[in-house]
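Have a look at the structure below, then the notes.
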Amino acid sequence: MPTVCTTIKVLKDGQYILATGTYKPRVRCYDTYQLSLKFERCLDSEVVTFEILSDDYSKWRVECWNPRIQNRVGLLDCALSSVTADSEINSLPTISALKFNSTLTMAVGTSTGQVLIYDLRSDKPLLVKDHQYGLPIKSVRFQDSLDLILSSDSRIIKMWNKNSVCSFC
């Protein structure tokens, strides 16, 4: 980490190590067999703690906490929610981008090319938008003045109205 590593967890098989740190908040995954960095994701806020939910590095979720009551207020299963009837997915998605618009609205980008919009008072997404290229979402941004959401993968940037399914490429 550039400044400080705050949490380290080793997967059960010992092949991967997940570490979180500060400035800029990020999570890194190291492959112990290859002695290399597998991936790195920058985040909007610091990670207090995290849990590994599977035998590999693919499942580690979004959990929402209320600091005033020191308790979890929600758990979002973004991977299963991103799979729709139209999805052609070969593996379970992981989170590749995350952006808050307000205290209650959040956009999640997945490794399989979907963007999910959540109202944090519900565990189901308000909207699931598929980029249809199967590439990981690199960035999600809210453009409040035009009521748009901008999402990008390595091939395209999509601008779409958060209240409809219509998009502009």
* Asked: Highest mean first, what order results for 139-145, 113-119, 2-8 on Cβ atoms within 10 Å?
  -> 113-119, 139-145, 2-8
* Asked: Rounded, prolate or oblate: which fits the range 110-169, taking a ≥ b ≥ c as square roots of the Cα gyration tensor eigenvalues, rounded meaning a/c under 1.5, else prolate when a/b beats b/c?
  -> oblate
* Asked: Residue-wise, which Karplus ³J(HN,Hα) couplings in Hz belong to the range 30-47, taking 6.51 cos²θ - 1.76 cosθ + 1.60, θ = phi - 60°, and x for glycine or proline?
  -> 10, 9, 6, 6, 8, 6, 8, 7, 7, 7, 9, 10, 8, 10, 7, 9, 5, 8
* Asked: What are the residues whose amide H is under 5 Å from the amide H of Tyr16, where those residues sit 5 or more places off or on another chain and H is modelled from the backbone?
  -> Leu11, Thr32
* Structure fact -> Neighbour-count ranking for Ser45, Ser152 (other C-beta within 10 angstrom, fewest to most) reads Ser45, Ser152
* By counting other Cβ atoms within 10 Å of each Cβ, how are Met159, Met106 ranked from fewest to most? -> Met159, Met106
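Bear in mind that the values in this text are calculations on the coordinates, not laboratory data. Small disclaimer: the values here were computed from a predicted structure and weren't measured. Neighbour counts are summed over all protein chains in view; Cβ atoms, including those assigned to glycine, are modelled from backbone coordinates with ideal geometry.
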